[in-house]
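S.K.: The structure is given below, and queries will be raised subsequently.
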Amino acid sequence: MLLPGDASWAKEGQGALRQIGLVTFGILALELALIRWTSGQVRAFAYFNNIVLITAFLGLGIGVALGKRLPGLVHFTLPALLLIGLPVAAAEPLGLVHMVFPDRSIALWGAESVPADGAIFLRNIGIFVGLLSGVGLVFVFAGAALGHLFGKMQVLSAYSADLLGSLAGVVAFTAASWLDAGPVVWLALGTLPFVWLTRRWWAMACGAAILLLGAYSIRGAVYSPYNRIDLTEEWFARSLAVNRDFHQYLHDLSDKRLADPGLTGSKKDLLQLTRYLYDLPFTINPQRGTALIVGGGTGNDVQAARRNGYAAITSVDIDARILELGRQLHPEQPYRDPRVRTVNEDARAYFREATEQRYDVVCFGLLDSHAMASAMSSLRLDNYVYTEEGIRSAWRRVSPPGHLSLAMSCAPGRWFFERLYWTITRATGREPIAIFTPLHGGTTTFIVPGTQSVLNRAELSRYTTIAPETEAGKGVTLSDDWPFLYLRPAVMPWGYIAVLGYVLLVALLVARPVFGVGRAGVRFDWPLFFMGAAFLLIETRGVTSLSLLFGSTWIVNSAVFGGILAMVLLANLAVRRWQWHQPAPWFGALFLAVLLLWWLPVEWLSDLPILSRGLVGGLLTGLPIGLAGVIVPMLLARSPHPAVALGANLVGAVLGGCLEYFSMYAGLKSVALMALVLYLVAFIIVRRQAAGTAPA
């Protein structure tokens, strides 16, 4: 029989330190596994990616605080994971895959056709928060093990083991990403540590069942570090979907295919229109020397450049697996042409490379992404590509007689077209020619001719052009500080408010029974709570800043997370080695570091050589993290209940994660200012506690 008070699984001494590392390895792996798995199974999670991380922090904070009293909760980790895994794995037969919120604040593929029905909204919100609650419970049970072990050891030793385990988890998941592993490997990394800790036959059975659910959920998909990729056959082409959303077709638009006598009139017209759309950027200019295609994908744009006689073609795509699928499966085999060079890179990072090469056409393929840039942020992978700074960096690569082409489905509405139109105008200094094609809900191709370009007007006359209805400066354009392409203007984000409100409500409801907030004689660790909230914001700002400097690739994100953990570990070892006890002096340096992070424009560093960019950018983003990493262990060491204090720090991260969404309104630079305010509040409370005037 399982008892919540059972502590027989826990070891003493060095064995406990090893167990702490094992637990935090498993927790970190479970966080990353559930973020990837849920977003590939239930489409809504792909657009609320960091909500899983926020929920995990809430569960961990509660579990760590309960661990001393209820260490046996760890035995429930795998059964809870199995229960939440059932609907996630069976999302397709249960009809959860394309569950949407009729919340028109964010442009989601397909959501535009959903009526604003209150009953649908409540039903889908209920399902979504139900799944989130299950995720939270998994981490409550896992966190209880950490809380129990943390309270048994010298606090700084326990904290070092905690950080080492998390760092090892990042390394292991990075290796899994490099191998294009899928749910079975992700879930194995998260479940095996808890099978080892529990050492019960039923734990092994639960672990095996979880892995079987992971295998069942694959259903023929393949995986990259960014996406779940599904391939299906349609009458005219093989279709490729990422994270359960349509992404692109592998088209055969050859003369032979279009001359097929089996094609009926309407089908032939559709294929001919599709060919016109892909050929457009490569037929309007007589310059046919070099072409750069970003978002090259499986190769449709590359094939169009080949078809129209370009001598040298460079295709850039962030997802190596999609490039490889194009190389293997595209019916016209564009990537086997020696004129074509493929580059597996983030588009924005490629534009910034230290080369002076110019191109006769710089073509943006349909870079619309259904994956998030990072678990820490609400940004999509493609957000920074479409900002004024991103388009300007592409414009610099256009030769004087060449042109820039950017195609995007403007199905979300007129506001979407206007936002792109005026962003391109601000970036290039020229109003684009906007050509409308009735494909994919209404695709607009924006053409910006170079300073010496002579476009083929006869070719352009074949197409329908459209113009903006608003004047320049009337609408919101995109910048690196506000890169939210898909955020609708003047619409209340009720879906986000409902989900984040639920998470915060749960946090408030458990504060008194778990942490004793407001109870006589119990002091909640407010400084560590606010430090946790600020730290998550600083991590988010660091991830987004370094994404600008080095690209939003999975390897950059892994390096950032690993670097953050390594820096905090080194700070903790320094506190332990030199016996630092006074956090107050470190706050002054922390405030200055955060102010510098807020004030210094990241784009100033973009033109530096990569080594200088790495040193200065790493120092800029890493300094506040390192300084906070010195303060937190000092606060933990002085706490009479370190495990509960650690729980408060983790729950604080929930507030930070929710505040990060405010950047959708105020811009990304506001994240650093919010963190500064939270650090100031923590400092004031620390000073008042030192003076004996802080309330319990």
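The values are calculated or read from the model by the stated rules, or taken from the named source; none is laboratory data. Keep in mind that this is a model prediction, so the values were computed, not measured. Note that we place each Cβ from the backbone using ideal geometry, even for glycine, and neighbour counts take in every protein chain shown.
S.K.: Answer yes or no: is there a residue in the stretch 462-481 that is in a helix (DSSP H, G or I) and within 26 Å of the chain's Cα centre (by Cα). Can you show your working first?
M.R.: Of the residues in the stretch 462-481, the ones in a helix (DSSP H, G or I) are none.
No - not one qualifying residue is present in the stretch 462-481.
S.K.: Further question on the same structure: Confirm whether Arg541 is assigned by TED's automatic domain parsing to the domain that holds Met674, of a type in the set (Lys, Arg) and at pLDDT 90 or above. Give the derivation first.
M.R.: Values: assigned by TED's automatic domain parsing to the domain that holds Met674: yes; of a type in the set (Lys, Arg): yes; at pLDDT 90 or above: no.
It is false that Arg541 is assigned by TED's automatic domain parsing to the domain that holds Met674, of a type in the set (Lys, Arg) and at pLDDT 90 or above.
S.K.: If you don't mind, there's one more thing I want to ask. I need every pair where a residue in the stretch 186-210 that is of a type in the set (S, T, N, Q) has its Cβ under 6 Å from the Cβ of a residue that is surrounded by 17 or more Cβ atoms within 10 Å (Cβ to Cβ), sequence separation at least 6 or different chains.
M.R.: Close Cβ pairs satisfying both conditions: Thr191/Gly207; Thr191/Ile210; Thr198/His75.
S.K.: Would you check if there is a residue in the stretch 495-503 being aromatic (Phe, Trp, Tyr) and more than 19 Å from the chain's Cα centre (by Cα)? Lay out the reasoning, then the answer.
M.R.: If we filter the stretch 495-503 for residues that are aromatic (Phe, Trp, Tyr), which is where we start, we get 496, 502.
From what is left, the residues that are more than 19 Å from the chain's Cα centre (by Cα) are 502.
So far as the stretch 495-503 goes, yes, one or more of its residues are aromatic (Phe, Trp, Tyr) and more than 19 Å from the chain's Cα centre (by Cα).
S.K.: May I pose another question? How do the helices (runs of 4 or more DSSP H) wholly within the stretch 201-301 filter down when requiring 3 or more residues that are under 30 Å from Ala311 (Cα atoms): which remain?
M.R.: In the stretch 201-301, the matching helices (runs of 4 or more DSSP H) lie at 255-258, 265-283.
S.K.: While we're here: Among the residues of the stretch 438-492, write down those that are farther than 12 Å from Arg419 by Cβ and in contact with a Pro (Cβ under 8 Å, 6 or more places away or on another chain).
M.R.: If the condition is that a residue be farther than 12 Å from Arg419 by Cβ and in contact with a Pro (Cβ under 8 Å, 6 or more places away or on another chain), then Thr445, Ile447, Val448, Gly450, Thr451, Gln452, Ser453, Val454, Leu455, Asn456 are the ones that fit.
S.K.: From the list Leu595, Leu608, which one is at pLDDT 75 or above and either in a helix (DSSP H, G or I) or out of contact with any strand residue (DSSP E or B) (no Cβ under 7 Å at 6 or more places or on another chain) (or both)?
M.R.: Just one listed residue meets the conditions, Leu595.
S.K.: Now a separate question. From the list Arg228, Arg219, which residue is under 20 Å from Leu179 (Cα atoms), of a type outside the set (Val, Ile, Thr) and surrounded by fewer than 16 Cβ atoms within 10 Å (Cβ to Cβ)? It would help to see each step written out before you state the result.
M.R.: Numbers: Arg228 fails: surrounded by fewer than 16 Cβ atoms within 10 Å (Cβ to Cβ).
That would be Arg219, the only listed residue that is under 20 Å from Leu179 (Cα atoms), of a type outside the set (Val, Ile, Thr) and surrounded by fewer than 16 Cβ atoms within 10 Å (Cβ to Cβ).
S.K.: Among residues belonging to the stretch 538-568 that are in contact with a Leu (Cβ under 7 Å, 6 or more places away or on another chain) and among the hydrophobic types (A, V, I, L, M, F, W, C), point out the one that is farthest from Tyr159 (Cα to Cα).
M.R.: Leu549
S.K.: Moving on to the next point. (1) surrounded by fewer than 18 Cβ atoms within 10 Å (Cβ to Cβ); (2) not in a loop (DSSP other than H, G, I, E, B): which one isn't true of Met492, the others all being true?
M.R.: Going through (1) surrounded by fewer than 18 Cβ atoms within 10 Å (Cβ to Cβ); (2) not in a loop (DSSP other than H, G, I, E, B) one by one, Met492 breaks only (2).
S.K.: Go through the stretch 440-479 and count every residue that is of a type in the set (Gly, Ala, Ser), in the same structural domain as Arg392 (by TED's automatic domain parsing) and closer than 30 Å to Lys669 by Cα.
M.R.: 0
S.K.: Looking at the stretch 47-106, what helices (runs of 4 or more DSSP H) fall wholly within it and have at least 1 residues that are in contact with a strand residue (DSSP E or B) (Cβ under 9 Å, 6 or more places away or on another chain) and either outside the structural domain of Lys11 (by TED's automatic domain parsing) or not small (Gly, Ala, Ser) (or both)?
M.R.: Helices (runs of 4 or more DSSP H) meeting the threshold: 49-66.
S.K.: For Met531, which of the numbered conditions (1) at pLDDT 90 or above; (2) within 30 Å of Gly126 (Cα to Cα) fails to hold?
M.R.: Failed condition: (2).
Table: residues versus (1) out of contact with any Ser or Thr (no Cβ under 8 Å at 6 or more places or on another chain); (2) of a type in the set (Gly, Ala, Ser).
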| site | (1), (2) |
| --- | --- |
| Leu655 | yes, no |
| Tyr661 | no, no |
| Ala666 | yes, yes |
| Leu678 | yes, no |
| Ile684 | yes, no |
| Ala691 | yes, yes |
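Let's see how each residue does on (1) of a type in the set (Val, Ile, Thr); (2) modelled with pLDDT of 90 or more:
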site	(1), (2)
Phe417	no, yes
Ile424	yes, yes
Pro449	no, yes
Thr470	yes, no
Thr477	yes, yes
Arg488	no, no
